[in-house]
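Participant: Take a look at this one; I'll ask things after.
Each value in this text was obtained by applying a stated rule to the coordinates, not by laboratory testing. Quick caveat: nothing in here was measured; it's all calculated off a predicted structure. Glycine gets a Cβ as well: all are built from the backbone with ideal geometry, and neighbour counts include every protein chain shown.
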Amino acid sequence: MHLSDERFLELFRVGKSYVDAYGSSLNVVEDFDLIVRKGEFVSLIGHSGCGKSTVLTMIAGLNSLSHGNIAVAGRETSG
């Protein structure tokens, strides 16, 4: 099987922060980088609460980025 060098998904310094009830910032994802090329299979593995679902919802556009950039098939979104 030949994998393409073409990048399909790129995350660069992606981060997500929330403000708690006391006004303090809580970083749930910080400076996350990932490159997935066409034909690759990727899994996000980690303990409960580490930000896996948050990263996936940011990729899907269901959750905004606090900072960083995401490009899917060459279309870029930024925080």
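Participant: Loop-only GluC sites (Glu not before Pro) in the stretch 1-55, please: DSSP not H, G, I, E or B, and at most 15 other Cβ atoms within 10 Å. Walk me through the intermediate numbers first.
Facilitator: On the way: sites: GLU6, GLU10, GLU30, GLU40; in loops: GLU6, GLU40.
Here the sparse-neighbourhood loop sites are GLU6, GLU40.
Participant: So, in nm, how far is label LEU26 from label LEU56 when the simple model puts each one 7 Å beyond its Cα toward the Cβ?
Facilitator: 2.0
Participant: Please build a GNM for the chain, connecting alpha carbons under 10 Å apart, and tell me which residue among GLY68, GLY39, GLY51 fluctuates the most.
Facilitator: Judging by the Gaussian network model, the answer is GLY39.
Participant: So what is the calculated 222 nm ellipticity per residue for the chain, using -39500 (n - 2.57) for each DSSP H run with n of 4 or more, over all residues, to the nearest 500 deg cm²/dmol?
Facilitator: Numbers: 1 runs with 9 residues, N = 79.
The per-residue figure over the chain is -3000 deg cm²/dmol.
Participant: List the chymotrypsin sites (Phe, Trp or Tyr not before Pro) within the stretch 1-46 that DSSP assigns to loop and that have no more than 14 neighbouring Cβ atoms inside 10 Å. Don't skip to the end; give the middle numbers.
Facilitator: Values: sites: PHE8, PHE12, TYR18, TYR22, PHE32, PHE41; in loops: TYR22, PHE41.
Hits after loop and neighbour filter: TYR22, PHE41.
Participant: Would you mind checking which residues have amide H under 5 Å from ASN63's amide H? H placed 1.01 Å from N; only 5 or more apart, or other chain.
Facilitator: Counting only residues 5 or more places away or on other chains, the set is MET58.
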